[in-house]
Amino acid sequence: MSDLLASIYPWTKAFHIVSVISWMAALFYLPRLYVHHTEAIGLEGETHQLFTMMEYKLARVIMRPAMLATWFFGVVLVFTPGIVDWSAIWPWSKAAAVLCMTGFHGWLVQRGKSFSSGRNSLTGRQYRLMNEVPTVLMIVIVFSVVLKF
């Protein structure tokens with residue numbers, strides 16, 4: 001099994017990177033939609049319904065599959081021999097940041113449910129601040145993997 005994982009390593013890494021890029025794009029864009037939904041649209045009317053549908057499809061059709069693919073290919077990389085040195089700090093800092101990113105993903109999905117039910121309680125400013133969360137986590141992940149501290 002380890003020979004197979006080693007032989008497909010470049011493909012696994014490429015699919016992991018593509019999945020991460022897709023997931024990050026959605027994690028960056030969805031809070032921006034929430035900002036506009038909050039500040040310009042409100043919680044009723046045709047445009048509210050349009051935004052709710054766009055947010056739902058972004059979360060379910062793009063963000064969720066990208067997250068699942070990221071996790072799948074990431075776990076395959078973890079089990080590929082010689083890729084992860086668990087005695088170093090970097091895999092632990094990356095793992096913690098990925099878990100936080102997954103939690104943020106879940107939080108965004110919950111916020112989408114609050115919009116669709118007409119009960120959003122956050123302001124555009126709060127969504128703008130939360131939009132920085134994936135950026136900070138991405139920095140931790142990239143620096144962990146590239147610098148391998």
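Only lysines eight or more places from LYS113 in sequence, or on another chain, were considered; those with a Cα closer than 17 Å are LYS57.
Helix-only mean residue ellipticity at 222 nm, the chain, DSSP H runs n ≥ 4 weighted -39,500 (n - 2.57), per residue, nearest 500. What is it?
Taking each H run of at least 4 residues, the total per residue is -24500 deg cm²/dmol.
Of the residues ALA26, ALA66, ALA14, which exhibits the maximal mean-square fluctuation in a Gaussian network model of the chain defined by a 10 Å Cα contact cut-off? The residue with the greatest mean-square fluctuation here is ALA14. Spatial offset of the range 1-28 relative to the range 85-142 amounts to 20 Å, using the alpha carbon center of each. Could you calculate the FRET efficiency of GLU44 with PHE104 from 1/(1 + (r/R0)^6), where r is the beta carbon distance between them and R0 is 25 Å, rounded to 0.05? Once rounded, the FRET efficiency stands at 0.35. Springs join every pair of Cα atoms under 10 Å in this Gaussian network model of the chain, and among MET24, MET53, MET138 the largest mean-square fluctuation is at MET53. How much net charge surrounds LEU122 when only the other residues with a Cβ under 12 Å from the Cβ of LEU122 are counted, with Lys and Arg +1 and Asp and Glu -1? For residues surrounding LEU122, the net value is +3. In order along the range 142-148, phi translates into HN-Hα couplings of 5, 5, 4, 6, 6, 7, 6 Hz, rounded to whole numbers, per the Karplus curve 6.51 cos²θ - 1.76 cosθ + 1.60 with θ = phi - 60° and x for Gly and Pro.
Around VAL142, with a cut-off of 15 angstrom between Cβ atoms, what is the net charge of the other residues, counting Lys and Arg +1 and Asp and Glu -1? Every neighbour counted, the sum reads +3. Evaluating 6.51 cos²θ - 1.76 cosθ + 1.60 at θ = phi - 60° for every residue in the range 12-29, the Karplus couplings come out as 4, 4, 5, 5, 5, 5, 4, 5, 4, 4, 5, 5, 5, 4, 5, 5, 7, 7 Hz, glycine and proline recorded as x. Simple rule: put +1 on each Lys or Arg Cβ and -1 on each Asp or Glu Cβ in the chain, find the dipole, and look at GLY103, GLN126, PHE28; the Cα lying farthest toward the positive end is GLN126. Highest mean packing comes first when the peptides 69-82, 117-130 are listed by Cβ atoms within 10 Å, giving 69-82, 117-130. In the list (i) 35, 16, 10; (ii) 28, 17, 12; (iii) 22, 19, 16, the label attached to semi-axes √(5λ) of the Cα gyration tensor in Å as derived from the coordinates here is (i).
None of the figures in this text is laboratory data; all of them are computed from the coordinates on show. Since the model is a prediction, treat every value here as computed from it, not as a measurement. Neighbour counts are summed over all protein chains in view; Cβ atoms, including those assigned to glycine, are modelled from backbone coordinates with ideal geometry.
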